[in-house]
Amino acid sequence: MKAFRTYHLFFVLAVIIAYFTAEGLDLAHAWAGYLVAAFLALRGLLGLMRARGFAWTRLVPFGPSAVTHALTLALFLCIAGVTATGIVMDKGASLSTPPTLQIRNEHGDQKAEHGRYFGETERHERESAMNEIHEVLGNILLPLAIVHVLYLLLFRFDMARFMLFAPRKAAG
Ligand code: HEM
Ligand code: HEM
């Protein structure tokens, strides 16, 4: 089970970095976002391989832990959604284009723009829809994470402690 706790720790750190680089720090933001994507891919793989602690049942909101799992699932889907929309917007440009070649957008911020591949109008339509979803999901991420943490601390304290690498209390 240590693997899952370690995964959770570094995954959460990557999400936090992506969140706090969202305004202004575009290249750092994109890289942090791709790091989150890499963690999600790893988690998917470990889930498929049935690695211990990575069972998908963790995210299924039925049974005695339904509330915990429902909150975890909502958070998981939010992070997956914000990462996916981010990548659709970027299409790998930030990974491959040196910053000096990136075009500045209408606000004068440096961005990985994709005008090279799409007509202007098409690009703006694609980007604004994705951008909208990306920002909405990005903005509900914080309240979801707060609820996730508070719920676990208040109602599943032993589980929360365990996730933070404290030993589990003896059963009873
Ligand atoms: C966990 C992962 C991510 C989180 C939490 C996140 C969060 C956010 C948030 C909250 C914003 C809105 C900032 C604002 O209000 O100005 C934003 C903007 C943006 N994100 Fe992400 N993001 C993530 C992943 C990604 C990825 C993987 C990419 C692309 C590689 C990406 C590209 C962008 C871009 C280009 C914008 C700017 C949109 C604009 O200013 O018009 N994000 N992100
Ligand atoms: C004090 C801080 C935290 C504690 C104690 C904690 C604890 C936990 C626990 C116990 C689980 C497993 C829940 C279950 O089996 O149903 C979990 C899963 C999860 N946590 Fe946290 N968490 C913390 C912070 C965060 C933060 C800040 C985020 C995101 C920004 C986050 C995102 C997630 C996600 C996405 C999962 C599901 C992982 C998966 O199955 O792939 N956690 N957390």
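The values are calculated or read from the model by the stated rules, or taken from the named source; none is laboratory data. Quick caveat, the model's predicted, so the values are computed rather than measured. All Cβ positions, glycine included, derive from the backbone under ideal geometry; neighbour counts span all protein chains shown. To get the accessible areas, we keep the full protein, side chains included, count just its heavy atoms, and leave off ligands, DNA and RNA. Shrake-Rupley method; radii C 1.70, N 1.55, O 1.52, S 1.80 Å.
Note on the range 26-57: residues that are surrounded by fewer than 18 Cβ atoms within 10 Å (Cβ to Cβ), in contact with a Gly (Cβ under 9 Å, 6 or more places away or on another chain) and not in a helix (DSSP H, G or I) total 1. Every condition in (1) of a type outside the set (Ser, Thr, Tyr); (2) more than 9 Å from ligand 2 (Cβ to nearest atom); (3) open to solvent by less than 80 Å² (accessible area, probe 1.4 Å); (4) closer than 28 Å to residue 131 by Cα holds for residue 60 except the one numbered (4). Among the numbered conditions (1) near ligand 1 (Cβ under 9 Å from one of its atoms); (2) of a type in the set (A, V, I, L, M, F, W, C); (3) at pLDDT 90 or above, the only one that residue 95 does not meet is (3).
Does residue 19 qualify as being of a type in the set (Ser, Thr, Tyr), within 30 Å of residue 154 (Cα to Cα) and within 11 Å of ligand 1 (Cβ to nearest atom)? When the stated conditions are applied, residue 19 passes them. Restricting attention to the range 1-25, the residues being open to solvent by 80 Å² or more (accessible area, probe 1.4 Å), assigned to a loop (DSSP other than H, G, I, E, B) and either touching a Cys at 6+ places or on another chain (Cβ under 8 Å) or among the aliphatic types (A, V, I, L, M) (or both) number 1.
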